[in-house]
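A.B. asks: Let me begin by handing over the structure; questions about it come next.
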Amino acid sequence: MQIHELSAQELSQKIQSKEVSAAEVAKHFLERAQNLNFKLNAFISFNEEVLKEAEKIDLQIARGNKIGPLAGVPLGVKDMFCTQGIRTTAGSRILENFVPPYDSTVVRKLKEAGAIVLGKLNQDEFAMGSSGETSYFGVCKNPWDLSKTPGGSSGGSAAAQAAGLAALCLGTDTGGSIRQPASFCGVYGIKPTYGRVSRYGIVSYASSLDQAGPVTRTVSDAALALEVISGKDALDMTSSDQSVPEFHKNLNPSLHGKRIAVLKEYENSDGLTPDIVNAYEKAIEFLRGEGATVEQISCPHAIHGVSVYYLVATSEASSNLSRYDGVKYGHRAQFENISSTSLKDFYSSTRGEGFGPEVKRRIMLGTYCLASGYYEAYYKKASQVRRIIRDEFLVALQGFDALVSPVTSTTAFDIGKKISDPVKMYMNDIFTVCTNLAGLPGASVPVGKDRAGLPIGIQVQSLPFCEQSVLDVSYALELAFKNSVGAPHV
Ligand code: GLN
């Protein structure tokens, strides 16, 4: 087995037992990632210090110092996470040259556990998109088929993980951005409960929905990484002080006696392809066969999830993105490109140049929703329906270990197919947005492939702070279906 085929934990064990050095591992991944990046465009930037940092880990091991569980693991970080000394673009021109002076809490915790930042991963601009195509740095390709998108917005994270360009990756998920690309690229991805993981130092898109999570090759790696990054953070008021279980140690694939829910509103949904229905039914059959009971539940307002999401998320985005004004940091329009000396023209030139079309569309939509006169009809109404959706999920899921559903209606689609039709693109999110609106944890587990050989993921969700249930059911599915997915040849 090659180094890049090992799980993050296997890799760290080999490094800690000195079978291979962290420096060799870092060199292997760096060369592989740089060579394949011409094909995949998964990385926006590389960490120039990666080899030096790996040598430091080797030195600590040689000295017998106490070392973290992810010692020497090369980490791919979505470009939404601030990384000290490494530019953090959020996939946008407006942050093209922004080098943060500090690490996001998630990155800091992973570094403390011994992981080494290998580089920053491509994504949709400000995490707005489902295909990676809104990135200012060009579209990332799906390693299973280079003519397809890897999904989005954490497309670079899923593509890099699937192609073995990093041993562990980080994504963010506001409406499906970890789960949909994980499904498109045949890797595992989990979005934790809102509040489980600190958002400090993550570029804000829609603050009441954003969560960070791992994208991994195995469920066990995700359990370990999640354990490392979870917990209360004094720097994020919305982070929860719920105790963090030992997700990784507790991992248990037994399905016997488990109660699994399926959602009425997600079945027979328009546009679900037969291959996905088939994979989903097979997964359900497997769960039943292993001793779980499967019962249908209903959350009638779930059908409004996409509409509600695109009102709430754009409203929050319009407010969050107002900070990019060219004054404090980020792109600033050149003096000769500004039509007058007014501050308004300075702002509009800077923002006009710095943001791409999808981000502008969302800022306009969100600003409209929040404007006096429209607020009641749009933002407020959407917030009310969001609350109903949340309450329906919380009530319907009582007593269940997990909710299982498709992640997406289709497998990875062609680059260019949906980018000119925003509504079609937004419909990608029908099965994933309610998870964020309700603040639930949710994951995508690879369970099979379609007839074209493209991966299919199944979504596993649970009640808030029940990540262990999500991981356990995911683990059972992984053990049963892993061999039917495999890895892409790149
Ligand atoms: N595809 C959704 C959007 O475009 C979700 C993005 C996300 O989760 N960051 O907003």
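A.B. asks: Of all residues being in contact with a helix residue (DSSP H, G or I) (Cβ under 6 Å, 6 or more places away or on another chain) and at pLDDT 95 or above in the range 334-354, which is surrounded by the fewest Cβ atoms within 10 Å (Cβ to Cβ)? Just the residue, please.
C.D. replies: Among those that are in contact with a helix residue (DSSP H, G or I) (Cβ under 6 Å, 6 or more places away or on another chain) and at pLDDT 95 or above, it is Ser349.
A.B. asks: On the given criteria, is Lys424 surrounded by fewer than 18 Cβ atoms within 10 Å (Cβ to Cβ), modelled with pLDDT of 95 or more, farther than 29 Å from Ala225 by Cβ and more than 20 Å from the chain's Cα centre (by Cα)?
C.D. replies: It is false that Lys424 is surrounded by fewer than 18 Cβ atoms within 10 Å (Cβ to Cβ), modelled with pLDDT of 95 or more, farther than 29 Å from Ala225 by Cβ and more than 20 Å from the chain's Cα centre (by Cα).
A.B. asks: Can you tell me which residue is nearest to Leu397 (Cα to Cα) among those in the range 239-263 that are surrounded by fewer than 14 Cβ atoms within 10 Å (Cβ to Cβ) and without any contact (Cβ under 8 Å) to a residue 60 or more places away in the chain?
C.D. replies: The residue in question is Gly257.
A.B. asks: Among Gly151, Gly114, Gly155, which is the only one that is touching a residue at least 12 places away in the same chain (Cβ under 8 Å), in contact with a Leu (Cβ under 9 Å, 6 or more places away or on another chain), within 11 Å of the ligand (Cβ to nearest atom) and within 20 Å of Ala33 (Cβ to Cβ)?
C.D. replies: One residue alone meets the criteria, Gly155.
A.B. asks: Out of the residues in the range 464-486 that are in a loop (DSSP other than H, G, I, E, B) and under 19 Å from the mean Cα position of the chain (by Cα), state the one that is farthest from Glu5 (Cα to Cα).
C.D. replies: So the residue we want is Pro464.
A.B. asks: Same structure again: Kindly check whether there is at least one residue in the range 376-386 that is in a loop (DSSP other than H, G, I, E, B) and free of Cβ contacts under 8 Å to residues at least 40 places away in the same chain.
C.D. replies: no
A.B. asks: Looking at the range 189-205 only, could you name the residues that are of a type in the set (Ser, Thr, Tyr) and either under 12 Å from the mean Cα position of the chain (by Cα) or away from the ligand (no atom under 13 Å from the Cβ) (or both)?
C.D. replies: Thr193, Ser198, Tyr200
A.B. asks: Going through Ile415, Ile363, Ile419 one at a time, which residue ends up being under 30 Å from Lys282 (Cα atoms), within 25 Å of the chain's Cα centre (by Cα) and among the β-branched types (Val, Ile, Thr)?
C.D. replies: Testing whether each residue is under 30 Å from Lys282 (Cα atoms), within 25 Å of the chain's Cα centre (by Cα) and among the β-branched types (Val, Ile, Thr) leaves just Ile415.
A.B. asks: Next question, about the same structure. Could you check Ser208 against (1) more than 20 Å from the chain's Cα centre (by Cα); (2) within 16 Å of the ligand (Cβ to nearest atom); (3) not in a helix (DSSP H, G or I) and say which number it fails?
C.D. replies: (1)
A.B. asks: Among the listed residues Gly176, Gly138, Gly186, Gly164, which satisfies the condition of being under 27 Å from Ser469 (Cβ atoms) and more than 11 Å from the ligand (Cβ to nearest atom)?
C.D. replies: Just a single option satisfies the conditions, and that option is Gly186.
A.B. asks: Hey, another quick one. For residues that are in contact with a strand residue (DSSP E or B) (Cβ under 8 Å, 6 or more places away or on another chain) and touching a residue at least 60 places away in the same chain (Cβ under 8 Å), tally how many sit in the range 57-102.
C.D. replies: 15
A.B. asks: Return only the number of the condition from (1) in contact with a Ser or Thr (Cβ under 6 Å, 6 or more places away or on another chain); (2) within 16 Å of the ligand (Cβ to nearest atom); (3) aliphatic (A, V, I, L, M) that Met364 does not satisfy.
C.D. replies: (1)
A.B. asks: While we're here: Among the candidates Leu403, Leu365, which residue alone is touching a residue at least 40 places away in the same chain (Cβ under 8 Å) and farther than 30 Å from Gln296 by Cβ?
C.D. replies: On inspection, the qualifying residue turns out to be Leu365.
The values are calculated or read from the model by the stated rules, or taken from the named source; none is laboratory data. Because the structure is predicted, anything quoted here is derived from the model rather than measured. We place every Cβ from the backbone using ideal geometry, glycine too, and count neighbours over all the protein chains shown.
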